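Scroll down for the structure; my scribbles are underneath it.
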Amino acid sequence: MIRTARKARVSRFAVPLLLVPALALVAAGCGSDDDETTAAPPAATTAAAEPHTITVFAAASLTETFTELGRQFEAGHPGTTVEFSFAASSALAQQINSGAPADVFASASTKNMTEVVDAGNAADPKTFATNSLEIAVPKDNPARIDDLADLASPDVKVALCEAQVPCGVAATTVLEKAGLRVTPVTFGQDVKAVLTTVGLGEVDAGLVYQTDVASAEDRVTGIEIPADVNARTSYPVATVSESQEAETAKEFVEFVLSDEGAAVLTEAGFGPPA
């Protein structure tokens, strides 16, 4: 533009009529610069597109539902990635209290959440769902199991969750309330491990959550446990205190607690918060 202005001044005596077009070109050039400045994206838009990744530690029984919730959350938050670590709530609580990097903790037990809160690694947990147990048997039910009492037979191979795992605690409660003595042939480290053992036909039955039976209906059949002896567990969720993505973690927890989150959980067979 500086060179264009000099040419205009040199030419104004020799060819006066060229002055107006030259000035017009200069003006047009300046106008173009202004337009480009106006069209530049605002800083807020650029910041909103910055990538965020949160890690969610969630109970194994939440695998299918939280995977779907994560997909929906990502769709509503472009640039955000939700990564999951699914395992027994007792194991996840221990990992968080040992310093494992996590942003959100969703437990299948208030006990395990309390352990994390008491250690100062989470605060203000909210219950978002409940669940109850069901008997899972292989699709063809080779042991011909009809009810809970059949699990006490020495001829029936039963799988339970390990005693410290929430589904193991619930199974112990159910059997005690029913007055049954059952000797498992194997223990699973989480509810999905028990479900897999049943689906493969390695055992005749297993005690798992109702939602797990529903998620594997192509491999197992569910047999209801009477309500008066059944056990219900509550699922609390909270952000982890040392989260490096605290704001995004908070938004994910709010999404789990929202009507949209409740719809996904209800469809999977979870009960409402108690």
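The values are calculated or read from the model by the stated rules, or taken from the named source; none is laboratory data. From a predicted model like this one, the values you see are computed outputs, not experimental measurements. For neighbour counting, all protein chains shown are included, and Cβ atoms are generated from backbone atoms with ideal geometry for every residue, glycine included. Accessible surface areas use protein heavy atoms only, side chains included; no ligands, DNA or RNA. Shrake-Rupley method; radii C 1.70, N 1.55, O 1.52, S 1.80 Å.
So which residues in region 136-166 are of a type in the set (S, T, N, Q) and over 11 Å from A205 (Cα atoms)?
Those that are of a type in the set (S, T, N, Q) and over 11 Å from A205 (Cα atoms): S153, Q164.
Looking at (1) at pLDDT below 95; (2) buried (at least 19 other Cβ atoms within 10 Å of the Cβ), find the lone condition where A193 falls short.
(1)
Among the candidates A205, A249, A274, A216, single out the residue that is open to solvent by 30 Å² or more (accessible area, probe 1.4 Å) and of a type in the set (A, V, I, L, M).
Of A205, A249, A274, A216, the one residue that is open to solvent by 30 Å² or more (accessible area, probe 1.4 Å) and of a type in the set (A, V, I, L, M) is A274.
Does region 173-182 contain at least one residue that is among the hydrophobic types (A, V, I, L, M, F, W, C) and in contact with an Asp or Glu (Cβ under 8 Å, 6 or more places away or on another chain)?
There is no residue in region 173-182 that is among the hydrophobic types (A, V, I, L, M, F, W, C) and in contact with an Asp or Glu (Cβ under 8 Å, 6 or more places away or on another chain).
Looking at this structure, is L257 of a type in the set (A, V, I, L, M, F, W, C), more than 18 Å from T173 (Cβ to Cβ) and surrounded by fewer than 18 Cβ atoms within 10 Å (Cβ to Cβ)?
Taking the combined requirement at face value, the residue satisfies it.
Kindly provide the set of residues from region 47-80 that are farther than 30 Å from V208 by Cβ, among the β-branched types (V, I, T) and in contact with a helix residue (DSSP H, G or I) (Cβ under 8 Å, 6 or more places away or on another chain), ordered by number.
T80 - this is the single residue of region 47-80 that is farther than 30 Å from V208 by Cβ, among the β-branched types (V, I, T) and in contact with a helix residue (DSSP H, G or I) (Cβ under 8 Å, 6 or more places away or on another chain).
Are there any pairs with C-beta distances below 8 angstrom linking a residue in region 110-134 that is over 25 Å from G222 (Cβ atoms) to a residue that is among the aliphatic types (A, V, I, L, M) and part of a loop (DSSP other than H, G, I, E, B), with the two at least 6 apart or on different chains, and if so which?
That search, which allows pairs on different chains as well, returns V117/A123.
Give the number of residues within region 135-184 that are open to solvent by 30 Å² or more (accessible area, probe 1.4 Å) and under 25 Å from P236 (Cβ atoms).
8
List every residue pair whose Cβ atoms sit under 6 Å apart, with the two residues 6 or more apart in sequence or on different chains, where the first one lies in region 184-208 and is β-branched (V, I, T) and the second, anywhere, is open to solvent by 20 Å² or more (accessible area, probe 1.4 Å) and in a loop (DSSP other than H, G, I, E, B).
Within 6 Å, the pairs are V185/K157; V203/K157.
Any idea how many residues of region 64-98 are free of Cβ contacts under 8 Å to residues at least 40 places away in the same chain, assigned to a loop (DSSP other than H, G, I, E, B) and open to solvent by less than 60 Å² (accessible area, probe 1.4 Å)?
Of the residues in region 64-98, 1 are free of Cβ contacts under 8 Å to residues at least 40 places away in the same chain, assigned to a loop (DSSP other than H, G, I, E, B) and open to solvent by less than 60 Å² (accessible area, probe 1.4 Å).
Filter region 220-234 down to the residues that are under 19 Å from K192 (Cβ atoms) and touching a Pro at 6+ places or on another chain (Cβ under 8 Å) and list them by number.
Hits for region 220-234 are V220, T221, T233.
Collect the residues in region 99-116 that are within 14 Å of Y235 (Cβ to Cβ), in contact with a Ser or Thr (Cβ under 8 Å, 6 or more places away or on another chain) and surrounded by fewer than 19 Cβ atoms within 10 Å (Cβ to Cβ), keeping them in residue-number order.
Residue satisfying the conditions is T110 alone.
For region 219-242, give me the residue count where each residue is closer than 17 Å to T173 by Cα and surrounded by fewer than 16 Cβ atoms within 10 Å (Cβ to Cβ). Before you say what the answer is, go through the steps one by one.
Of the residues in region 219-242, the ones closer than 17 Å to T173 by Cα are 224-234.
Those left that are additionally surrounded by fewer than 16 Cβ atoms within 10 Å (Cβ to Cβ): 224, 226-228, 232.
Residues meeting the conditions: 5.
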